[in-house]
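Just below is one structure, and these are the notes that go with it.
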Amino acid sequence: MGALENIDAAFISMNIPFTMTVNQAADAVREFKPKVIYPYHYRGSDLNLFKRLVGTGTEVRLREWYP
């Protein structure tokens, strides 16, 4: 992911046991620094923690993925 450059928007999945943890997802986002990130498949994940870990420089946009 470190080789990615100039990413405007990206989607990242986070939900244990099937994908990344909140920490792993935030690490990945910080690695390739998209302008906007849309987390998905996040049921049960701490989205506030994710936003804090991503930090500044990337806008976290949350959407309702679950009915």
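Below is a table of values for the structure above.
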| item | result |
| --- | --- |
| Nonlocal amide H pairs with S13, under 5 Å, H built at 1.01 Å | Y40 |
| Selected from S13, G57, L47, residue furthest toward positive end of dipole (the chain; charges at beta carbon) | L47 |
| Label of the coordinate-derived value, Rg/Rh (Cα atoms, Kirkwood Rh), listed as (1) 1.21; (2) 0.94; (3) 1.57 | (2) |
| Total charge dipole magnitude, the chain, about the Cα centre, Cβ charges on Lys, Arg, Asp, Glu only, Debye to nearest 20 | 140 debye |
| Relative contact order computed over the chain (Cα-Cα under 8 Å; 6+ residues apart), in percent | 36 percent |
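Read-outs: derived from the displayed coordinates by stated rules, not from any lab. Given the structure is predicted, the values throughout are model-derived calculations rather than measurements. Virtual Cβ from ideal backbone geometry, glycine too; neighbours counted across all protein chains shown.
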